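Working notes, structure below.
The values are calculated or read from the model by the stated rules, or taken from the named source; none is laboratory data. It should be emphasised that the depicted structure is a prediction, and the values quoted were computed from it without experimental measurement. Here the Cβ positions follow ideal geometry from the backbone for every residue, glycine too, while neighbour counts run over all protein chains shown.
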Amino acid sequence: MLKFQKFVIIQVLFALVPFFLFAKSTEIKLLTNAHCEGCKIKIEKALKKIDGVEEANLDLTTKIATIKYDSEKVDAKDFISTLEKIGYTVQLYKEGEETNLPKEKSKCCTDSKNSSCCKNKKTDTDRDNR
């Protein structure tokens, strides 16, 4: 009986090995116009809802979203369209490459009706004119 149990365990392990070896986990970085903690929560939540996304984290300092995903289930176009649908400007980010992302805030941060998002509703232009 013990030999049979060992045999079954070995068979199960060998069956799982190809799954882990050939899973296509990919990482991508997107530059966003996120501005506040509300934006961060909204972006991460939207990305994590996409089938195939393993991790999604937004660094507010750099405005870069790092996404780990299964490239057989989803691709960059899906992330960009999802974020654009919820009001963000997005572009692929490549280290050392010049970016042309507009500096305007997302709709979330400029909409005066949305008090739960950004506490400072002034635009960057308003702040610069002081």
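Annotations for the structure displayed:
- Total residues in segment 71-94 satisfying the condition of being without any contact (Cβ under 8 Å) to a residue 12 or more places away in the chain and outside any helix (DSSP H, G or I): the figure is 1.
- With respect to the conditions (1) modelled with pLDDT under 95; (2) basic (K, R); (3) loosely packed, with under 13 Cβ neighbours inside 10 Å, K63 falls short on a single one, namely (3).
- Some residue of segment 44-59 being in a helix (DSSP H, G or I) and modelled with pLDDT under 90: no
- Residue within segment 21-37 that is surrounded by 12 or more Cβ atoms within 10 Å (Cβ to Cβ), modelled with pLDDT of 90 or more and assigned to a helix (DSSP H, G or I) present: yes
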